[in-house]
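See structure below.
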Amino acid sequence: MKKLVFLIIFVFCCASASFAEQEGFAATSDDILRMITDPGGRVFLQIEFKVNSAKISEKAYPVVNSLGQALTSSTGLNMQVKLVGHTDSAGDKDYNRTLSLKRAEAVKNYLAVYFNIDPGRVEVQGMGEAQPIASNENAQGRARNRRVEVINITTKTVSPTVPDAVQGVDTQKLW
């Protein structure tokens, strides 16, 4: 019986993680880290805002808190990210672009205030309605398009390595 319960829990956990990754959305700090650990890695966050506002809704705090936890964890501590705001196609394109930028900035400010994340680690961009991931023809699609994308923009620093053939050579005898 214990094996069956363990198997059900294991399958459920794997299926939910797989589903989150397939959809590109994450809600927990573990999912966020798993999806953005490599440079260029990206994840979508379904962060709700008040209508025509850049004020993060209270309902979205757990998602933004998960991002903060991910970026302050040992794995994410030195990570640099870009927050890209997106909107649905309702309204004027210029207005949507400005609103999406303000929403990305709101998330950046929240991370700085509540998680003490250096604002220099976070870039922001507003895409407005330019990059939909679902149809804007129905409410469900529009809701998916209203998102903040998190992209790992950390640049890897390559430390110089000494070739094996050179290691152990007494350089004083060379001169």
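The values are calculated or read from the model by the stated rules, or taken from the named source; none is laboratory data. These figures come from a predicted structure and were not determined experimentally. For neighbour counting, all protein chains shown are included, and Cβ atoms are generated from backbone atoms with ideal geometry for every residue, glycine included. All accessible areas refer to the heavy atoms of the entire protein, side chains included, with ligands and DNA or RNA removed. Shrake-Rupley method; radii C 1.70, N 1.55, O 1.52, S 1.80 Å.
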Per residue, accessible area of the range 36-108 with a 1.4 Å probe, heavy atoms of protein chains only, in Å², comes to 50
Quick one: if the Förster radius is 25 Å, what FRET efficiency do residue 109 and residue 135 give, using the C-beta to C-beta distance and rounding to 0.05? 0.20
Cα-projected label distance for residue 93 with residue 143, points at 7 Å along beta-carbon direction, nm: 2.8
Could you give the length gained by full extension between residue 123 and residue 69, i.e. 0.36 nm per residue of separation minus their alpha carbon distance, to one decimal place? 17.7 nm
Give me the percent of the accessible area of the range 96-153 that comes from carbon and sulfur atoms, probe 1.4 Å, all protein chains in place. 46
